Amino acid sequence: MNIILLGPPGAGKGTQSAGLVERHGMKQLSTGDMLRAAVAEGTPVGLEAKAIMDRGEFVSDEIVSKLIDDNIAAMPADQGAIFDGYPRTAAQGEQLDEILAKHGRKLDYVIELSVDLDALVERITGRFSCANCGALYHDTANPPAKEGVCDNCGSIEFKRRPDDNEETVRTRNKEYTEKTAPILPRYEERGIVKRVDGMADIDAVAASIDAVLKG
Ligand code: AP5
Ligand code: MG
């Protein structure tokens, strides 16, 4: 099964992807995570992307679609893919169709996490992750069971994203509203869009997504 998780910054795409990987053995393809890895490694893509990401604007369609294509090419044909934060523009939607066709895959569902944009600033400014394994947390909504220790790997090092500040979040929301939300009709025409209440608690959102996948 191949699915897109669609939603604005802080909607819970990364959190729900991690659950799907654990429950169903799918592979998370997050262009944001790929770009952050490129920035950390100082690759040419990372050097080009860093300032754009820090401003909350979109990196070029060519760069992100190439990342997706390369990652799909390396996946076993029978493993399902979760597209997290991709596609984000009309051009990326077209490129994804081409990439999927090339690799003999088809898109099963576009799961839209419906959320209240105003509530997301608090989610994003409270977010942190494990510096070792990347597990996602939130200061109040989802802290580690033992304060200061990662539930997943036991590390005591955590980090916050440089783009998780109020000003950048506003730009990221604007980019989503102007460029990403308008790609939904492409999938509505195909009858594959499913809406899930992204404001419910994390486990309830996961249960709603699983209900969609069961068909
Ligand atoms: P990306 O990394 O994709 O960021 P984003 O889309 O802004 O989304 P986030 O990762 O901020 O949010 P999320 O939906 O994953 O929420 P999360 O689960 O973490 O992209 C970053 C940048 O890279 C872009 O701005 C752009 O520059 C570039 N980029 C990436 N892809 C691109 C593309 N395709 N084209 C062009 N440029 C691209 O949850 C957030 C917080 O809330 C966490 O703390 C979590 O614990 C908490 N939380 C989650 N769910 C719940 C819940 N149900 N209740 C309470 N708290 C919750
Ligand atoms: Mg994310």
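Each value in this text was obtained by applying a stated rule to the coordinates, not by laboratory testing. As the structure is a computational prediction, the values presented were derived from the model and not from experiment. Glycine also receives a Cβ, built like all others from the backbone with ideal geometry; neighbour counts cover every protein chain displayed.
Would you check which residues across the stretch 143-166 are closer than 19 Å to GLY7 by Cα and not in a loop (DSSP other than H, G, I, E, B) and list them?
GLU166
Restricted to the stretch 74-95, and to residues that are among the hydrophobic types (A, V, I, L, M, F, W, C) and more than 15 Å from the chain's Cα centre (by Cα), which residue is nearest to GLU178 (Cα to Cα)?
Of everything passing the filter in the stretch 74-95, ALA90 is nearest to GLU178 (Cα to Cα).
Could you list all residues from the stretch 137-153 that are loosely packed, with under 12 Cβ neighbours inside 10 Å and β-branched (Val, Ile, Thr)?
Passing the criteria: only THR140.
Quick check on THR43: is it more than 21 Å from GLY14 (Cα to Cα) and hydroxyl-bearing (Ser, Thr, Tyr)? Walk me through it before giving the result.
Values: more than 21 Å from GLY14 (Cα to Cα): yes; hydroxyl-bearing (Ser, Thr, Tyr): yes.
Yes; evaluated as a whole, the condition is true for this residue.
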